[in-house]
Amino acid sequence: MKWYLKVLKQYANFKGRARRKEFWMFYIIHAVFSGLAVAIDNITGLSGELPLGPIYGLYTLVMIVPILAVMVRRMHDIGKKWTWLLVGLIPAIGGIWLFFLWIKDGEPGENDYGVNPKLAVA
């Protein structure tokens, strides 16, 4: 949960680096909360005939900026510019390519985007 809160505290921080652990722990907790929002929408009947309801929609809307920020910082950790996120738009292979970029270990030491976050954590 601390990684989720760390990303939320850096709500609109598109500078610096995010290590793999920070990115993936945030992503897992985000997926759980998204699932809970969908479940609440369905249990309460708020979704109606649609598969997704207003609680999920509101949660997603609130989370767009932190998700983008942590993805950009993750790209910075491997030494790539934010524009590499656009790889995900390539049909069929884009998502797979992006996944492999996200699981790649960060650059050791300092890069153009800051110090290695693994070294900064005590």
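No value in this document is a laboratory result; all are computed from the given coordinates. All values reported here derive from a predicted model rather than from experimental measurement. When we count neighbours, we look across all protein chains shown, and the Cβ atoms used for this are built from the backbone with ideal geometry, even at glycine.
Results, tabulated for the structure shown:
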read-out: Potential extension, LEU68-GLU110 segment - 0.36 nm per residue separation minus Cα distance; value: 12.9 nm
read-out: Leading residue at positive end of dipole, the chain (Cβ point charges), from VAL70, ILE96, VAL115; value: VAL115
read-out: Packing rank of 33-45, 72-84, where each peptide gets the mean count of other beta carbons within 10 Å, highest leading; value: 72-84, 33-45
read-out: For the chain, the Rg and Dmax computed from alpha carbons only, in angstrom; value: 16.1, 52
read-out: Relative contact order computed over the chain (Cα-Cα under 8 Å; 6+ residues apart), in percent; value: 30
read-out: Pairs beyond 19 Å (Cα-Cα), from LYS6/LYS118; LYS2/LYS80; LYS6/LYS104; LYS9/LYS104; value: LYS2/LYS80; LYS6/LYS104; LYS9/LYS104
read-out: Charge dipole (debye, nearest 20) of the range 2-111; +1 at Cβ of Lys and Arg, -1 at Cβ of Asp and Glu; value: 500
read-out: Principal-axis tilt of helix 20-44 within the chain, Cα atoms, nearest 10 degrees; value: 10
read-out: Signed unit charges on C-beta, dipole axis of the range 1-79, positive-most listed residue VAL38, ILE28, GLN10; value: GLN10
read-out: 0 to 90° range, to nearest 10: angle between helix 94-103 axis and the chain longest Cα axis; value: 60
read-out: Length released on extending from ASN42 to LEU119, taking residue separation times 0.36 nm less the Cα-Cα span; value: 23.3 nm
